[in-house]
There are 2 protein chains.
Amino acid sequence: MTSKPLLPSDPADQLSVQDRRDAMHHAIRKRICLLEYPPGARLSETELAQEFGTSRTPLRRVLARLEDEGLVQSVHGVGTLVTDADIHELEHVYQLRVELTALPARLDPRLPDAAFMQKLDNFIMQSAKIIDHGTPLEFTEFDMDVFQFLLQLTGNAPLRETLERLYYQTKRLWLWAAINAKLDLVGEFRIFHHELEALQHALRSHDLDAAARIQSAHISMSFKRLFQKIK
Amino acid sequence: MTSKPLLPSDPADQLSVQDRRDAMHHAIRKRICLLEYPPGARLSETELAQEFGTSRTPLRRVLARLEDEGLVQSVHGVGTLVTDADIHELEHVYQLRVELTALPARLDPRLPDAAFMQKLDNFIMQSAKIIDHGTPLEFTEFDMDVFQFLLQLTGNAPLRETLERLYYQTKRLWLWAAINAKLDLVGEFRIFHHELEALQHALRSHDLDAAARIQSAHISMSFKRLFQKIK
DNA sequence: CCCATGACTGTTGTGCACAACACCCCATTC
DNA sequence: GAATGGGGTGTTGTGCACAACAGTCATGGG
């Protein structure tokens with residue numbers, strides 16, 4: 001009888017424990033990825049707990065997951081520090097991403113439907129606007145949306161989770177390089193736009209393998225450009 | 001000056017916080033994989049905390065990681081339950097393992113040295129003994145050792161971690177099938193022995209790619225046999 | 001002036017008490 | 001007899017207080 005409370009005063013009350021946990025996890029992960037919390041930054045458990053309206057205990061559960069994912073590191077007596085994104089350490093992650101990104105076409109591939117192609121159209125239009133007057137921050141946020149969107153191309157959940165974890169480990173390094181003027185921004189934007197158009201072309205032919213190879217190739221080339229510029 | 005305590009009363013005192021955490025994590029994970037905690041079993045936080053000589057708080061940190069890895073699931077008011085190993089849900093994990101197992105040869109491959117080949121010899125001798133009078137439990141424990149050992153063939157840490165996580169998600173399903181007489185045990189043992197000999201042959205030729213493909217093929221075939229038997 | 005030392009401050013780690021919740025059992029009622 | 005309601009019990013989730021620890025700054029002695 002008490003399965004659903006009547007007239008919940010706050011919509012947040014309906015969220016389960018795990019939902020609120022995921023919400024905090026995604027929020028903090030996004031801030032780290034967008035360099036709102038740059039490498040080396042100290043995250044205050046007390047402040048974050050207050051911000052999310054909870055105590056340290058549930059928040060520490062979230063930080064623990066972020067630590068297992070390699071985004072933060074808790075040091076006793078010092079603080080919870082955002083790990084630094086060093087390209088030499090992330091080279092292995094990039095190489096793994098290149099290989100894994102080719103797999104959605106082979107492991108439970110999902111052919112896109114009309115709604116998917118429609119949304120892809122919208123993304124392509126948005127990317128065209130970014131080329132002219134986009135900031136690195138805006139672009140990265142956009143890239144995150146596109147990434148999540150393209151994950152739908154596979155129904156293999158473990159693969160999706162692995163790709164997601166690796167993505168968030170590497171993306172902030174690109175953003176850092178872009179902000180610090182290490183990259184040819186307009187060039188990067190153009191390449192991304194072309195990638196989306198190429199993806200559209202491949203998907204219209206129902207060639208998921210081609211689409212996956214395109215993404216894989218672009219990750220590889222993106223890393224090459226990064227590595228050349230910031231040594 | 002106080003960097004190292006004098007005359008530690010207990011060697012465990014020297015272990016860092018993270019070391020003790022990892023020790024608990026590996027211990028519980030092994031028990032789950034060896035079906036000492038079968039699917040559906042309730043893990044008592046209080047009992048486990050007492051056993052490891054700590055309180056619930058650090059132990060919950062470990063259970064949280066196991067939950068993120070998909071081995072247990074905590075339900076409020078009920079308990080921490082070992083997830084069930086269903087072959088239909090694990091099919092995606094198996095398929096991903098097949099693909100990932102081929103990668104060590106391409107991502108930072110490490111050629112085995114003499115000590116490695118020596119240890120491989122020992123493993124092959126041990127596997128020969130298991131064929132005649134081995135139990136499923138003994139075999140799985142042995143398989144875990146061999147798996148960890150073969151991870152040395154790549155220096156790509158993210159790949160190793162991913163392979164490890166996926167391994168522990170699937171292996172207990174094989175053990176369950178073996179215990180419940182769903183498999184031709186001697187046949188399985190023989191196949192594993194042959195796999196190790198084939199690996200030895202490939203590694204003697206310094207052909208890491210061949211070695212990786214052999215492992216990949218065996219995971220694929222092992223899943224096929226499992227799937228046929230337990231539907 | 002320089003260095004050592006110790007108190008102070010702020011952080012994460014731990015333990016504990018209680019809240020929130022689910023399940024079981026049994027009495028009660030129709 | 002069957003359904004229902006309520007209390008009891010055991011579990012995980014949360015909040016809080018304190019321990020353990022690292023860094024900083026001031027102070028005193030050389």
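The values are calculated or read from the model by the stated rules, or taken from the named source; none is laboratory data. What you see is a predicted model; the values in this text were computed from it and never measured. Counting neighbours? That spans all protein chains shown, and the Cβs are built from the backbone with ideal geometry, glycine included. Only protein heavy atoms, including side chains, enter the accessible area calculation; ligands, DNA and RNA are left aside. Shrake-Rupley method; radii C 1.70, N 1.55, O 1.52, S 1.80 Å.
Within region B:14-48, the set of residues being more than 25 Å from B:Tyr167 (Cβ to Cβ) and within 13 Å of chain A (Cβ to nearest Cβ) comprises B:Ser16, B:Val17.
Applying the criterion of being within 11 Å of another protein chain (Cβ to nearest Cβ) and not in a helix (DSSP H, G or I) to the residues of region A:49-76, the residue that is nearest to A:Ala23 (Cα to Cα) is A:Glu69. Restricting A:Lys182, A:Lys119, A:Lys171, A:Lys129 to those that are open to solvent by 20 Å² or more (accessible area, probe 1.4 Å), not in a helix (DSSP H, G or I) and not hydroxyl-bearing (Ser, Thr, Tyr) reduces the list to A:Lys182. Do the conditions hold for A:Thr162, that is, is it open to solvent by less than 10 Å² (accessible area, probe 1.4 Å) and either among the hydroxyl-bearing types (Ser, Thr, Tyr) or at positive phi (or both)? It is true that A:Thr162 is open to solvent by less than 10 Å² (accessible area, probe 1.4 Å) and either among the hydroxyl-bearing types (Ser, Thr, Tyr) or at positive phi (or both). Could you check, for region B:55-66, whether at least one of its residues is away from DNA strand C (no atom under 16 Å from the Cβ) and of a type in the set (Lys, Arg)? Scanning region B:55-66 turns up no residue that is away from DNA strand C (no atom under 16 Å from the Cβ) and of a type in the set (Lys, Arg).
For the condition within 16 Å of the chain's Cα centre (by Cα), basic (Lys, Arg) and part of a helix (DSSP H, G or I), A:Arg160 qualifies.
Name, by its number, the condition in (1) under 26 Å from B:Asp22 (Cβ atoms); (2) surrounded by fewer than 18 Cβ atoms within 10 Å (Cβ to Cβ) that does not hold for A:Arg20. Looking at each condition in turn, A:Arg20 falls short on (1). What are the residues in region B:141-161 that are in contact (Cβ under 8 Å) with a residue 60 or more places away in the chain and under 16 Å from B:Gln215 (Cα atoms), if any? Selection gives B:Met144, B:Leu150. Scanning region A:1-48 for residues that are at pLDDT 95 or above and either part of a loop (DSSP other than H, G, I, E, B) or among the hydroxyl-bearing types (Ser, Thr, Tyr) (or both) gives A:Leu34, A:Leu35, A:Glu36, A:Tyr37, A:Pro38, A:Pro39, A:Gly40, A:Ala41, A:Ser44, A:Thr46. Scanning region A:208-228 for residues that are among the charged types (D, E, K, R) and surrounded by 15 or more Cβ atoms within 10 Å (Cβ to Cβ) returns A:Arg213, A:Arg225.
Would region A:137-146 turn up any residue that is closer than 21 Å to A:Glu36 by Cα, open to solvent by 10 Å² or more (accessible area, probe 1.4 Å) and among the β-branched types (Val, Ile, Thr)? No; the residues of region A:137-146 include none that is closer than 21 Å to A:Glu36 by Cα, open to solvent by 10 Å² or more (accessible area, probe 1.4 Å) and among the β-branched types (Val, Ile, Thr).
With respect to A:Ile28, determine if the residue is more than 13 Å from DNA strand C (Cβ to nearest atom), more than 30 Å from A:His201 (Cβ to Cβ) and among the aliphatic types (A, V, I, L, M). So A:Ile28 fails the test.
One residue stands out among those in region A:136-157 that are polar (S, T, N, Q) and outside any helix (DSSP H, G or I): the one that is farthest from the other protein chains (Cβ to nearest Cβ), which is A:Thr154.
Taking the criterion of being more than 14 Å from B:Arg29 (Cβ to Cβ) and within 12 Å of DNA strand D (Cβ to nearest atom), the residues of region B:51-60 that qualify are B:Ser55, B:Arg56, B:Thr57, B:Pro58, B:Arg60. B:Ala157 - would you say it is open to solvent by 10 Å² or more (accessible area, probe 1.4 Å) and modelled with pLDDT under 95? Spelling it out, it is not the case that B:Ala157 is open to solvent by 10 Å² or more (accessible area, probe 1.4 Å) and modelled with pLDDT under 95. If you check B:Arg56, B:Arg42, B:Arg31 for being over 19 Å from B:Gln169 (Cα atoms) and either open to solvent by 20 Å² or more (accessible area, probe 1.4 Å) or outside the structural domain of B:Glu161 (by TED's automatic domain parsing) (or both), only one passes: B:Arg56. Out of the residues in region B:77-105 that are among the polar types (S, T, N, Q) and more than 9 Å from chain A (Cβ to nearest Cβ), which is surrounded by the most Cβ atoms within 10 Å (Cβ to Cβ)? Checked region B:77-105; the qualifying residue surrounded by the most Cβ atoms within 10 Å (Cβ to Cβ) is B:Thr101.
Among the criteria (1) open to solvent by 40 Å² or more (accessible area, probe 1.4 Å); (2) more than 9 Å from chain B (Cβ to nearest Cβ), the one A:Asp108 does not fulfil is (2).
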